[in-house]
1. Please build a GNM for the chain, connecting alpha carbons under 10 Å apart, and tell me which residue among Arg16, Arg49, Arg28 fluctuates the most.
2. Quick one: 3J(HN,Hα) in Hz for the range 34-40, Karplus 6.51/-1.76/1.60 with θ = phi - 60°, rounded, Gly and Pro as x.
3. So for the chain, averaging the separation of alpha carbon pairs under 8 Å that are six or more residues apart and normalising by length, what relative contact order in percent results?
4. Report, by chain and number, residues whose modeled amide H sits under 5 Å from the one on Gly57, excluding near sequence neighbours (fewer than 5 apart, same chain).
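Readers should treat all values here as calculations from the given coordinates under stated rules, not as data from a laboratory. Fair warning: this is a prediction, and the values are worked out from it, not measured in the lab.
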Amino acid sequence: MEYIRATESDTEEIYRIVQDTIRTVYPRYYPEEVVEFFCALHCRENISRDIKEGFVGELSV
């Protein structure tokens, strides 16, 4: 396995995936206020910062 770090050019795609996942899955388990909190927490700016700090990537087999 190899860990591949995300780059700045991946920001939009990662943001979309995270937001879609939160808005699809979280409402099954949490009230709307919690869903909105997590959407705000995982905003584009925070994702971009995490990418720059090397915290975002994927495992490649």
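1. Judging by the Gaussian network model, the answer is Arg28.
2. So the Karplus estimates, Gly and Pro as x, are 6, 4, 5, 4, 5, 4, 5 Hz.
3. On the way: 52 pairs, mean separation 39.4, N = 61.
RCO, the chain: 65 percent.
4. So Gly57 has HN proximity to Ala6.
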